[in-house]
């Protein structure tokens, strides 16, 4: 396919709006549930550690199947898969909103993740085939990226408003009318897929996608179960062994068995790409856990309402947006490596500040300043980390490299949240049993504070990684230098 020949149709602005609306909805659902977690726990009877599956079920399937979703769009058609993904996402949202049990809402969230994994790479591919390479496409990608960032950071406020004014179920029900509108507009406005644009190879590498997703899910499940039955239980080690075996099977499939592997392992010969993905894995582990525990602390310990909790995230959201928009200028002055080192260090300092939360604290004293520092640090990291990942990678694989960053972020978030939720729950139980706590809020606060120490360690490890292993992009690449290649390859949907 020659993307250079792409010409924007008369309704290109409508297509841009359509694609951005879909991306906003998909990314919003990563974080929108956090503020509603206490209400979901009360309604469906979740345990403290089990509650993290409401988040992890989505991020695991989203991240694990993201490259497969892009491959499906290449082979079956971007419009077809875009519509199918939105339809699946919307129906899964209905199932989750109607859930009356833990299993039902976890299954619904997993199905939402599958839908999101189909939609996200299709959005970039549609923009690539709609807008000419150069200024038009760059503007479209900039709008897409801004909307994606807004979706992730607006989740707290949207979730708080819907939970407080209506019900926690409406954080899921709201996707139905939006999804229906997007499907209708897509069927009306998106041009039909052209069969000549599709690759001749018909391999999906379904086995690779399933083994890595099921393997990481099994590892997460084993870690979560330790909160209930302890590390000495045979069940934990059996499930953990199964998870590790599936991950090793994925490596074998990608190395030797897959006709068109989703993740050609030779791409990791780049020390830069490997370091960037390890760092973004650690950033995801810190970021997802922060949203999770801060939401619970504000509501279950400090007694804030859902709306108040959503509003409490606004300063951090502002700093994340500010950091993201200023990252290119900072990279221009300091370089990618220094910018990332500063960003990860600020994130670590913010998380370390959150370790001071206690039952007698307040948002203004214990949360505001650390969350602002943390938000600024994460904002500085978001764009340059992708630049670091694609620097020096063959142009034909730039999309794959940038796609891997998104996979690493989502899988890191799910695995990190499982580890930190288990740590927090264990600390809470130990404090409560020891009688040192003055009630449940104090025990919970100490558990969250303990988890924040480990989250800070994750972010600090990311700072060390990028400082030691990341090199600066060639002069002129800039923080956004990855945009066009990534778009041309649809966020790494396929390997060359």
Exercise. Mind ranking 118-125, 20-27 by how tightly packed they are, going by the mean number of other C-beta atoms within 10 angstrom, highest first?
Key: 118-125, 20-27
Exercise. Inverting the mean 1/r over all pairs of different Cα atoms, compute the Kirkwood radius of the stretch 9-192 and quote it in Å.
Key: 16.5
Quiz item: What is the Cα radius of gyration of the stretch 206-261 over 2.2 N^0.38 Å, N being its residue count?
Solution: 1.28
Self-check item: Efficiency of FRET between residue 362 and residue 429 - r from beta-carbon atoms, R0 35 angstrom, step 0.05
Solution: 0.85
Quiz item: Pulled fully out, how much extra length does the chain show between residue 132 and residue 181, if you take 0.36 nm times their separation in residues and subtract their Cα-Cα distance?
Solution: 15.0 nm
Self-check item: Förster-model FRET efficiency, 30 Å R0, residue 268 and residue 318, C-beta, rounded to 0.05
Solution: 0.25
Quiz item: Could the peptides 377-386, 233-242 be put in order, highest first, of the mean number of other beta-carbon atoms found within 10 Å of their residues?
Solution: 377-386, 233-242
Self-check item: Translational diffusion coefficient (Stokes-Einstein; Kirkwood radius from C-alpha pairs) of the stretch 274-347 at 4 °C, 1.567 mPa s, in µm²/s
Solution: 92
Quiz item: Packing-wise, with mean Cβ within 10 Å as the measure, how do 53-63, 456-466, 301-311 rank, highest first?
Solution: 53-63, 456-466, 301-311
Quiz prompt | Additional length obtainable on full extension of the chain from residue 207 to residue 247, 0.36 nm per residue less Cα span | solution = 13.3 nm
Quiz prompt | Cβ-based exposure ranking for 450, 11, in which fewest neighbours within 10 Å come first | solution = 11, 450
Quiz item: So for the pair residue 165, residue 107, with labels modelled 7 Å out along Cα→Cβ, what separation do we get in nm?
Solution: 3.3
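Each reported figure results from applying straightforward, stated rules to the coordinates on display, with no laboratory input. Nothing here was measured: the structure is a model prediction, and the numbers come from that model. Neighbour counts are summed over all protein chains in view; Cβ atoms, including those assigned to glycine, are modelled from backbone coordinates with ideal geometry.
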